[in-house]
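Novice: Sharing a structure here in C-alpha cells format.
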Amino acid sequence: MSKLHKNLSNAVRFLSIDAVEKANSGHPGMPMGMADVATVLFKDFLRFNPYNPSWLNRDRFVLSAGHGSMLLYSLLYLTGYKSVSLKDIKNFRQLNSICAGHPEYIPNTGIETTTGPLGQGFSMGVGMAIAEAYLRNLFLSQKEDTHALVDHFTYVLASDGDLQEPVALGSASLAGHLGLSKLIVFYDANSAQISGNTDRSDSTDYAKVFNGFQWDVQEIDGHDHDQLNNAILQAKDSQKPSIIIGNTIMAKGTANMEGDHNTHGAPLPQDEISATKLKLALPNDTY
C-alpha cells in the first residue's frame with residue numbers, strides 16, 4: 001500500500017468517525033472497513049467529473065449498504081464535489097443536511113440513488129447496468145463506432161445484509177442471465193452485523209451462489225490495495241457481471257475494536273477514537 005493510498009483511506013475513516021461522533025448516531029464500522037476499497041476505486045478507476053456530476057457517460061457508484069453513508073459523503077467531499085462541504089459533514093444526520101443518515105437521491109450531487117433498505121441498491125445497480133447496455137446497443141444498431149457515447153461501468157458496494165435479501169439475489173440472477181459485463185459488485189464480507197456475527201443466521205457460500213448465477217467471482221483481501229487493483233482490472237475485462245468478495249474487518253484501523261459488531265451502528269467511545277488516532281499517527285483533532 002502506498003503512503004498516499006494509506007493517507008486517503010485514513011482520511012475517509014476519520015471523517016466518518018468524527019461525523020458519527022458529533023451526531024451521536026450512525027454507522028462507523030462499515031466506512032472504516034470499506035475505506036480501502038473506496039480509495040482504490042475512486043482514485044484509480046471510477047470515471048466521474050465533480051464539476052459536472054450529471055455527465056451522461058460517468059461511471060455509476062451505488063452504496064447499497066446505505067447505512068454506511070458517511071463513506072459516500074467523505075468520498076464526495078474529498079474528490080471535490082461542491083454538493084458536500086465540510087460544514088455539511090459536520091451536520092451529518094441533522095435536519096435539512098444533504099448528509100442524511102442514509103443517502104437520498106438529489107440531482108447533480110454525486111448521490112446516484114436513495115439507498116437504505118438492504119438489497120435495494122444492489123437491484124437498482126442491476127437496473128442501471130441494464131440501461132447502459134440497452135442504450136449502448138441502441139446506438140450501435142443505428143450507427144457503427146458509437147460505443148463511446150455510452151460506455152460506462154456500474155459499481156455497487158454491498159454488505160452481508162444486502163446479499164441476505166431475496167430482491168438482491170433475484171436481480172443478481174437476472175444480471176447473470178443477461179451477461180451484464182459492465183456491472184461490478186464489491187461484497188463487504190466482514191462477517192459482522194448489528195446483532196452479532198453473521199454465522200448466527202447465515203451459512204451461505206456466496207461464491208458458489210454467484211458462480212451459479214453466471215457471474216465472474218473473485219475472493220480477495222479487501223484491505224490489500226494491490227489485490228483490489230488487480231481484481232478490478234480482471235472484473236473490467238470479464239464478459240460476465242463481476243462480484244469481488246472482499247474479506248474485510250469491520251472498523252478496520254481502530255485501536256481495540258477491529259471486527260467488533262458493536263461498531264456497526266453506534267459511535268466509537270471517545271477513548272477509542274483518541275487511541276485510534278494515536279495508532280494511525282493522526283492529530284487528535286476533529287475533522
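The values are calculated or read from the model by the stated rules, or taken from the named source; none is laboratory data. Here the structure is a predicted model, which means the values were calculated and not measured. Each accessible area value is taken on the protein alone, full model and side chains, heavy atoms only, with ligands, DNA and RNA left out. Shrake-Rupley method; radii C 1.70, N 1.55, O 1.52, S 1.80 Å.
Novice: With all pairs of different alpha carbon atoms counted, what Kirkwood hydrodynamic radius in Å does the stretch 1-67 show?
Specialist: 13.3 Å
Novice: Taking only Cα atoms, what is the 0 to 90° angle, nearest 10, from helix 225-237's long axis to the longest principal axis of the chain?
Specialist: It is inclined by approximately 20 degrees.
Novice: Indicate the gyration tensor shape class of the stretch 72-224 (rounded, prolate or oblate), computed on the Cα atoms with a ≥ b ≥ c the square roots of the eigenvalues: a/c under 1.5 is rounded; otherwise a/b larger than b/c is prolate and the rest oblate.
Specialist: oblate
Novice: Hey, another quick one. In the chain, what percent of the accessible surface is made up of carbon and sulfur (1.4 Å probe, ligands and nucleic acids excluded)?
Specialist: Solvent-exposed carbon and sulfur of the chain make up 50 percent of the total.
Novice: Helix 120-142: angle to the longest alpha-carbon principal axis of the chain, degrees 0 to 90, nearest 10?
Specialist: With both axes taken from Cα atoms, the answer is about 30 degrees.
Novice: Can you run the Rg to Rh ratio on the chain? Use alpha carbon positions and the Kirkwood inverse-distance Rh.
Specialist: That ratio equals 0.96.
Novice: Related question: Using only Cα atoms, locate the centre of the stretch 158-198 and the centre of the stretch 47-79, then give the distance between them in Å, rounded to an integer.
Specialist: The distance from the Cα centre of the stretch 158-198 to that of the stretch 47-79 comes to 19 Å.
Novice: While we're on this one: Could you tell me how many degrees, from 0 to 90 and to the nearest 10, lie between the Cα long axis of helix 69-78 and the main elongation axis, the longest principal axis, of the Cα atoms of the chain?
Specialist: Helix 69-78 sits at roughly 80 degrees to that axis.
Novice: Can you give me the solvent accessible area of Phe139 with a 1.4 Å probe, rounded to the nearest 10 Å²?
Specialist: It works out to around 80 Å².
Novice: Another question, then. Classify the stretch 180-222 as rounded, prolate or oblate from the Cα gyration tensor: take a ≥ b ≥ c as the square roots of its eigenvalues, call it rounded if a/c is under 1.5, otherwise prolate when a/b beats b/c and oblate if not.
Specialist: prolate
Novice: Which of Lys43/Lys82; Lys182/Lys277; Lys43/Lys90 have a Cα-Cα distance over 28 Å?
Specialist: Lys182/Lys277
Novice: Calculate, for the chain, the solvent-accessible area per residue in square angstrom, rolling a 1.4 angstrom probe over the heavy atoms of the protein chains.
Specialist: Solvent-accessible surface per residue comes out at 44 Å².
Novice: Starting from the alpha-carbon convex hull of the stretch 134-274, give the projected area averaged over all orientations, in nm².
Specialist: Value for the stretch 134-274: 10.5 nm².
Novice: What are the radius of gyration and Dmax of the stretch 41-146, computed over its Cα atoms and given in Å?
Specialist: Rg then Dmax for the stretch 41-146, in Å: 15.2, 50.
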